[in-house]
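Participant: To start, I am sharing the structure in question, which I have written as structure tokens.
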């Protein structure tokens with residue numbers, strides 16, 4: 001017998017699919033003064049920002065991000081820089097990148113700075129709507145217009161086709177409770193199937209960066225990797241001076 005909360009999630013999901021229309025986002029609230037953000041950085045943050053700004057192109061981030069997104073993009077870029085390292089375009093495997101569970105694709109600035117190639121973002125709950133009436137998809141489609149040949153995929157990872165030289169997957173649903181908190185019906189809890197699909201999309205010579213929250217999720221993720229039997233490097237606890245998060249995060253690097 002299904003719990004009332006499951007019925008509620010199913011109903012909300014059905015409504016989002018039926019009323020998926022969103023106005024086209026023409027502009028986005030961004031940072032008016034980058035100096036107003038960076039002057040609040042600690043010494044360690046300022047040093048890290050200067051290093052990242054020297055290695056990567058962050059020139060238009062203030063136009064693409066609000067303050068929260070700007071910090072989160074610095075956080076992600078710092079993690080990628082720490083654990084994968086700066087890679088020249090000539091050394092990159094051919095192909096495009098994929099961000100799984102991209103929400104409104106707010107991480108595209110960091111991803112495209114780290115790997116300046118085409119990127120696709122896939123989001124199952126793309127029709128989730130913000131208080132201003134716009135959907136995640138509307139924001140994601142605005143974001144991809146800011147980068148050449150990028151695309152936003154509203155749908156399941158299981159329906160994605162292609163080969164990707166780099167995959168980013170931040171906070172996959174490895175336990176059912178977070179999925180429920182995000183309001184998704186239980187049928188979408190498919191951790192092993194989704195991991196198998198993600199690994200099948202990874203190009204030969206490519207890498208997939210996976211991030212989990214907390215020790216329990218990291219343990220669940222390890223069991224999934226064991227079940228799928230992929231080549232994975234355990235990064236352990238990962239951190240950045242830009243982390244805005246209360247809980248520890250753990251990283252993995254899957255290679256093909």
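Participant: Counting just the Cα atoms, what span does region 1-79 cover along each of its three principal axes? Round to the nearest Å and put the largest first.
Facilitator: Here the Cα extents, ordered largest to smallest, are 55, 33, 21 Å.
Participant: Treat region 1-141 as a sphere of radius equal to its Kirkwood radius over Cα pairs and apply Stokes-Einstein at 37 °C in a medium of 0.692 mPa s; give the translational diffusion coefficient in µm²/s, rounded to a whole number.
Facilitator: After rounding, the answer is 190 µm²/s.
Participant: Now for a separate question. Describe numerically, in nm with one decimal, the distance between label points set 7 Å from Cα along Cα→Cβ at residue 231 and at residue 19.
Facilitator: 5.0 nm
Participant: Please report the orientation-averaged projected area of region 145-254, defined via the convex hull of its C-alpha atoms, in nm².
Facilitator: Its average projected convex-hull area is 8.4 nm².
Participant: Extension gain residue 158-residue 219, at 0.36 nm per residue separation less the Cα-Cα distance, in nm?
Facilitator: Taking 0.36 nm per residue and subtracting the Cα distance, the gain is 19.6 nm.
Participant: Then there's this: When all alpha-carbon pairs of region 69-150 are counted, what percent fall beyond 15 Å?
Facilitator: In whole percent, the share of Cα-Cα pairs in region 69-150 beyond 15 Å is 59.
Participant: Which of the peptides 122-133, 175-186 is most tightly packed, and how do the rest follow, judged by the mean count of other Cβ atoms within 10 Å per residue?
Facilitator: Output ranking for 122-133, 175-186: 122-133, 175-186.
Participant: Another question, if that's okay. Using helices alone, I'd like the mean residue ellipticity at 222 nm for the chain: each DSSP H run of four-plus residues gives -39500 (n - 2.57), total over residue count, nearest 500.
Facilitator: -12000 deg cm²/dmol
Participant: Let me see the P(r) profile for the chain: every Cα-Cα distance counted, bins of 5 Å, each bin given as a percent of all pairs.
Facilitator: Result, from short to long distances: 1, 6, 12, 17, 19, 18, 14, 8, 4, 1, 0, 0 percent.
Participant: With all distinct Cα pairs included, what does the Kirkwood hydrodynamic radius of region 113-200 come out to in Å, to one decimal, could you say?
Facilitator: It is 14.5 Å.
Participant: Fully extended, how many nm does the chain gain between residue 182 and residue 55 (0.36 nm per residue separation, minus their Cα-Cα distance)?
Facilitator: 42.2 nm
Participant: Using 0.36 nm per residue, how much length does the chain from residue 42 to residue 246 gain when fully extended, once their Cα-Cα distance is taken away?
Facilitator: Stretched out fully, the residue 42 to residue 246 stretch lengthens by 71.7 nm.
Laboratory data are not the source of any read-out in this text; all were calculated from the coordinates shown. These numbers were taken from a predicted model, which means no experiment stands behind them. Positions of Cβ are backbone-derived with ideal geometry, glycine not excepted, and every protein chain shown enters the neighbour counts.
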